[in-house]
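Student: Sharing a structure with you now.
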Amino acid sequence: MKNSLMKKYIAHKYFFLMLLPVLVYYGIFHYAPMYGVVIAFQDYQFLKGVGGSPWVGLDNFRELFGGLYFGTVLRNTLIINFYKLVFGFTAPIVLAVFINEVSGKWFKKSVQTISYLPHFLSWVVLSGMIIEMLSPSRGPVNMLLSLFGMEPIFFITEPAWFRAILVSSDIWRSVGFASIIYLAAIAGINQEMYEAADVDGISRIKKIWYITIPSIAPVIVIMLILNSGSIINDDFEQVFNLLNAKVMDVGDVLSTYTYSEGLLKMNYSYAAAVGLFKNVVALVLVLSANYIASKLSDDTIF
């Protein structure tokens, strides 16, 4: 058994050689820094380092869960990311199905290119574009509102609008690129099923509902499992570039809170405790989603 397995490794040695840079990257930048998790259980002092800083046990976590503002930050994170998961997860599926149904190649390629483009722009650029588009003085959105006799709204500083802006801008940036996975899954569907449906006179809507969606269901389930951890893991770059003092109560999330406590206030141990809490919860969510999926179907990660 071992010899046959070793022969397979040797036969595919070049594939493993191509994988080596990825393993080195994850080892250096993702696994090696995990040693710093011990800071969450210390009163970390920069000059003494990790090895010399005194241990405080769970004091940082007691301070974390006993803090009044942490509840607000956690609630904001869960609400915003829940909306992103609900609307942002379904949007690429809908876009992929619509693109697949378009017959014109030129139009299909144009839609794909336009929808992919925001993914390759940084949040610094996209945030500037969003702020300009929603500007009360020169933004096209408020100019349109003024045509209907409405007063201009500075959406970015309005707590009632800020979460909607975060969710919609996240969908705008990710929907095109995320749809590639579903388009690839749709391309692998047996075309004979569609031909048989055409013979039976089945409408396009029914073909989507009874052929396309069930055929890509395994991919949808796996992507849902992988995205379940995003309920607690927010996008720091997006929130940081759009956040302002007037919307802190509805927009401050765990990542920006960690940045504020760790880098601005130099409370490194407390910030490490926040980060460790967030990652542990994300791991539990992914494992729970995978377990539930294993009970409902055979489409799981492991």
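Student: Just checking, how many residues over the range 94-137 are without any contact (Cβ under 8 Å) to a residue 24 or more places away in the chain, of a type in the set (Ser, Thr, Tyr) and either touching a Pro at 6+ places or on another chain (Cβ under 6 Å) or exposed (fewer than 14 other Cβ atoms within 10 Å of the Cβ) (or both)?
Tutor: Looking only at that region, the number is 4.
Student: Could you figure out which of (1) surrounded by fewer than 14 Cβ atoms within 10 Å (Cβ to Cβ); (2) at negative phi isn't true of Ile216?
Tutor: (1)
Student: Something else about it: Go through (1) at pLDDT 85 or above; (2) in a helix (DSSP H, G or I); (3) over 30 Å from Ala164 (Cβ atoms) for Gly57 and report which single condition fails.
Tutor: In the conditions (1) at pLDDT 85 or above; (2) in a helix (DSSP H, G or I); (3) over 30 Å from Ala164 (Cβ atoms), Gly57 misses (2) alone.
Student: Can you tell me which residue in the range 232-283 is farthest from Trp161 (Cα to Cα), limited to those that are under 21 Å from the mean Cα position of the chain (by Cα) and among the aromatic types (Phe, Trp, Tyr)?
Tutor: Phe277
Student: Considering the range 257-284 alone, what residues qualify as being within 13 Å of Tyr69 (Cα to Cα) and either among the polar types (S, T, N, Q) or not in a helix (DSSP H, G or I) (or both)? Step through it out loud before you land on a result.
Tutor: Pass one, the range 257-284, residues within 13 Å of Tyr69 (Cα to Cα): 257-258, 260-261, 274.
Scanning the range 257-284 gives Thr258, Ser260.
Student: Looking at the range 109-144 only, could you name the residues that are assigned to a loop (DSSP other than H, G, I, E, B) and among the polar types (S, T, N, Q)? Before you say what the answer is, go through the steps one by one.
Tutor: In the first step, residues of the range 109-144 are kept if they are assigned to a loop (DSSP other than H, G, I, E, B); the result is 121-122, 134-139.
Matches in the range 109-144: Ser122, Ser135, Ser137.
Student: I would also like to ask the following. Does the range 173-193 hold any residues that are touching a helix residue (DSSP H, G or I) at 6+ places or on another chain (Cβ under 6 Å) and part of a helix (DSSP H, G or I), and which are they?
Tutor: Start the filter on the range 173-193 by keeping residues that are touching a helix residue (DSSP H, G or I) at 6+ places or on another chain (Cβ under 6 Å), which leaves 173, 175-179, 182-183, 185-186, 189, 193.
Of everything in the range 173-193, those that are touching a helix residue (DSSP H, G or I) at 6+ places or on another chain (Cβ under 6 Å) and part of a helix (DSSP H, G or I) turn out to be Arg173, Val175, Gly176, Phe177, Ala178, Ser179, Tyr182, Leu183, Ala185, Ile186, Met193.
Student: One residue is enough: does the range 37-52 have a residue meeting the conditions surrounded by 11 or more Cβ atoms within 10 Å (Cβ to Cβ), over 26 Å from Ile231 (Cβ atoms) and charged (D, E, K, R)?
Tutor: yes
Student: Can you name the condition, by its number, that Tyr44 falls short on among (1) farther than 25 Å from Leu276 by Cβ; (2) not in a helix (DSSP H, G or I); (3) not aliphatic (A, V, I, L, M)?
Tutor: Result: Tyr44 passes all but (1).
Student: What are the residue pairs meeting all of these: first residue in the range 185-212, first residue on the phi < 0 side of the Ramachandran plot, second residue part of a helix (DSSP H, G or I) and of a type in the set (S, T, N, Q), Cβ atoms under 6 Å, and 6 or more apart or on different chains?
Tutor: Short answer, once both residue conditions are applied: Ile186/Asn100; Ile189/Ser215.
Student: What are the pairs, 6+ residues apart or on separate chains, where a residue within the range 234-254 that is at pLDDT 90 or above and part of a loop (DSSP other than H, G, I, E, B) has its Cβ under 6 Å from a residue that is of a type in the set (Asp, Glu) and crowded, with 18+ Cβ neighbours inside 10 Å?
Tutor: Val253/Asp234
Student: Moving on. Could you grab the pairs with beta carbons closer than 9 Å, sequence gap of 6+ or different chains, first residue in the range 70-84 and in contact (Cβ under 8 Å) with a residue 24 or more places away in the chain and under 17 Å from Leu285 (Cβ atoms), second one polar (S, T, N, Q) and not in a helix (DSSP H, G or I)?
Tutor: Thr77/Asn233; Asn81/Asn233
Student: Scan the range 124-132 and tell me whether some residue there is under 23 Å from Ala245 (Cβ atoms), modelled with pLDDT of 90 or more and of a type in the set (Ser, Thr, Tyr).
Tutor: yes
Student: Which condition number does Tyr83 fail, the rest of (1) touching a Ser or Thr at 6+ places or on another chain (Cβ under 8 Å); (2) modelled with pLDDT of 90 or more being met?
Tutor: Tyr83 satisfies all of (1) touching a Ser or Thr at 6+ places or on another chain (Cβ under 8 Å); (2) modelled with pLDDT of 90 or more except (1).
The values are calculated or read from the model by the stated rules, or taken from the named source; none is laboratory data. The shown structure was predicted, so the numbers you read here are calculated from the model rather than taken from an experiment. Reconstructed Cβ throughout: ideal geometry from the backbone, glycine too, with neighbour counts over all protein chains shown.
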